[in-house]
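Engineer: Starting off with a structure, shown below.
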Amino acid sequence: MPSGNLKLIAGRANRPLAEKIARYVGVDLVDVYITEFADSEIFVKIREDIRGSDVFVIQPTSNPGYKNLMELLIIVDALKRASAASITAVIPYFGYARQDRKAEPRVPITAKLVANLLTVAGVTRVLTMDLHAAQIQGFFDIPVDHLYATPVFLEHTKQLGNLSEYVVVSPDTGGVERSRFFARQIDVGLAILDKRREKKNEAEVLNLIGNVEDRHVIMIDDMIDTAGTIVQAADILKKRGAKTVTVYATHAVLSHPAAERLQNCAIDRLCLTDTIYMDENKRSIIGEKLHILSVSELFGKAIERIHLNLSVSSLFVNIPKT
C-alpha cells in the first residue's frame, strides 16, 4: 500500500489515463489549477500541501508537443518551489524522441534538449514507455525507468484463440528485435518487411522476407503516426496471402490523415494503448476494428515500486538486446 506522502498529479494532456493510474494506486489526484492567460501563457497552482512528498506528474508530451512539454515543466517548477521531496515525470509518450541524433548537418538533437529541460526544471526521475530509441535513456543524468507495452499486448493475444496459424511480422528492420521477442513469447514464426524512407512521414515498403500465405499476421510497432507505413504494410501482406492482419502499437500519435487511412485499410484488428488520449472523433472514424488497451496498471505498479524503493525491472517483460 502507498504511504501518505505519495502524490499523483495529472497534466491536461491525458487526464483519463492519470485517473485510471490513480484508481489502481489507491490515491486521489492532487488538486491542481491549470489555465492559460489571453496570450496563451500557462499558469499552474498546486492547491494542496506537497512538502516532503514523492510526487509523480503524469503528462505525455504528445501533440501539441510544445504546449504539453511546457505545461509539464511549469508543473515541475511549481512542485520544486513547494518543497516536494522528489519529482518523477511520468511521460507515457515521450515527444521529440524521433529527433535522437544528427541524421544530417545543422539539425538539433531535440530529444537531448528535452532531457536537459526536464532535469534543469527539477525532475529527479523519469518513468516512460516504449521510447522510439532506447538510447535516449542515456541523454539523462537522472534515473530513467523504461517500460514496454509488451505485457499488455501478450495478454491480449489470449483473445485471438489458437496461435498456431499466426506469424509475427516486423513492419521494418528497425523493429526486428521487438518482433522477434514477441514471436518467441507466443511461439510463432517471424517475417520482416523491408522499407526505404524517402521523406519524413513517407515510407515505401520494398520487400517481404518470410512467408505469410494462409497465415494470420501480427504486426508490432512502437507508434502509428500518419499510418502510411502500417497501412501499406497491411496491403502488401494481404496481397501475399495473409488471412488477417492484427496490429499492436503502443503510441497512437495518429496525425492527419491517419484515422481516415486506418478506416478503410486492410488491417482487421487495430490494438493501441492509451498512452496518448484519443478523442471520440478519431475513434468513430477508425471504427470497430479499434481496440484500446490500457497501460494504467503497468504504470501504477511501477509508481508503487518506485515509491517503495523496490525493483521496477523485475515486474515487466523486457526486450533483450543483441
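The values are calculated or read from the model by the stated rules, or taken from the named source; none is laboratory data. Keep in mind the model is a prediction, meaning the values are calculated, not measured. With ideal geometry, Cβ positions are generated from the backbone for all residues, glycine too; neighbour counts draw on all protein chains shown.
Engineer: Phe181: at pLDDT below 95, crowded, with 16+ Cβ neighbours inside 10 Å and of a type in the set (Phe, Trp, Tyr), yes or no?
Structural biologist: In short, yes.
Yes/no per residue for (1) assigned to a strand (DSSP E or B); (2) more than 16 Å from His291 (Cα to Cα); (3) not aliphatic (A, V, I, L, M):
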residue: Asn207; (1), (2), (3): yes, yes, yes
residue: Val217; (1), (2), (3): yes, yes, no
residue: Ala234; (1), (2), (3): no, yes, no
residue: Ser255; (1), (2), (3): no, yes, yes
residue: Ala259; (1), (2), (3): no, no, no
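Engineer: Moving on. Scanning the stretch 268-288 for residues that are within 12 Å of the chain's Cα centre (by Cα) and among the hydrophobic types (A, V, I, L, M, F, W, C), which turns out surrounded by the fewest Cβ atoms within 10 Å (Cβ to Cβ)?
Structural biologist: Checking each candidate, the answer is Ile276.
Engineer: If you don't mind, another one. Which residue is nearest to Thr88 (Cα to Cα), if the candidates are limited to the stretch 123-154 and must be among the acidic types (Asp, Glu) and touching a strand residue (DSSP E or B) at 6+ places or on another chain (Cβ under 8 Å)?
Structural biologist: Asp145
Engineer: Something else: Being buried (at least 19 other Cβ atoms within 10 Å of the Cβ) and not in a loop (DSSP other than H, G, I, E, B) is the filter here; which residues of the stretch 124-138 pass it?
Structural biologist: Val126, Leu127, Thr128, Met129, Ile136
Engineer: Are there any pairs with C-beta distances below 7 angstrom linking a residue in the stretch 231-258 that is free of Cβ contacts under 8 Å to residues at least 60 places away in the same chain to a residue that is assigned to a helix (DSSP H, G or I), with the two at least 6 apart or on different chains, and if so which?
Structural biologist: Final answer for the pair search is Val231/Arg261; Val231/Leu262; Val245/Ala234; Val245/Leu237; Val245/Lys238; Val247/Ile230; Leu254/Lys282.
Engineer: Turning to a different aspect of this structure: Go through Val55, Val25 for me and flag whichever is in contact (Cβ under 8 Å) with a residue 60 or more places away in the chain and touching a strand residue (DSSP E or B) at 6+ places or on another chain (Cβ under 9 Å).
Structural biologist: After ruling out the rest, the residue left standing is Val25.
Engineer: Can you spot a residue in the stretch 19-32 that is in contact with a Gly (Cβ under 6 Å, 6 or more places away or on another chain) and either modelled with pLDDT under 95 or surrounded by 18 or more Cβ atoms within 10 Å (Cβ to Cβ) (or both)?
Structural biologist: Yes, because at least one residue in the stretch 19-32 is in contact with a Gly (Cβ under 6 Å, 6 or more places away or on another chain) and either modelled with pLDDT under 95 or surrounded by 18 or more Cβ atoms within 10 Å (Cβ to Cβ) (or both).
Engineer: Conditions first: (1) assigned to a helix (DSSP H, G or I); (2) buried (at least 17 other Cβ atoms within 10 Å of the Cβ); (3) without any contact (Cβ under 8 Å) to a residue 40 or more places away in the chain; (4) of a type outside the set (Gly, Ala, Ser). Cys265 passes all but one, so which condition is the exception?
Structural biologist: Result: Cys265 fails condition (1) only.
Engineer: Follow-up. Looking at the stretch 90-110, can you tell me whether even one residue there is closer than 12 Å to Val123 by Cα and either assigned to a strand (DSSP E or B) or touching a residue at least 60 places away in the same chain (Cβ under 8 Å) (or both)?
Structural biologist: yes
Engineer: Being hydrophobic (A, V, I, L, M, F, W, C) and surrounded by fewer than 17 Cβ atoms within 10 Å (Cβ to Cβ) is true for just one of Ala103, Ala10. Which residue is that?
Structural biologist: Result of the check over Ala103, Ala10: Ala103.
Engineer: Here's another thing I want to ask about it. Please state which one of Asp225, Asp187 is exposed (fewer than 15 other Cβ atoms within 10 Å of the Cβ), within 26 Å of Leu298 (Cα to Cα) and at pLDDT 95 or above.
Structural biologist: Just a single option satisfies the conditions, and that option is Asp187.
Engineer: Something else: Could you tell me which of the residues Ser3, Ser83 is at pLDDT below 95 and either loosely packed, with under 15 Cβ neighbours inside 10 Å or among the aromatic types (Phe, Trp, Tyr) (or both)?
Structural biologist: Matching residue, one of Ser3, Ser83: Ser3.
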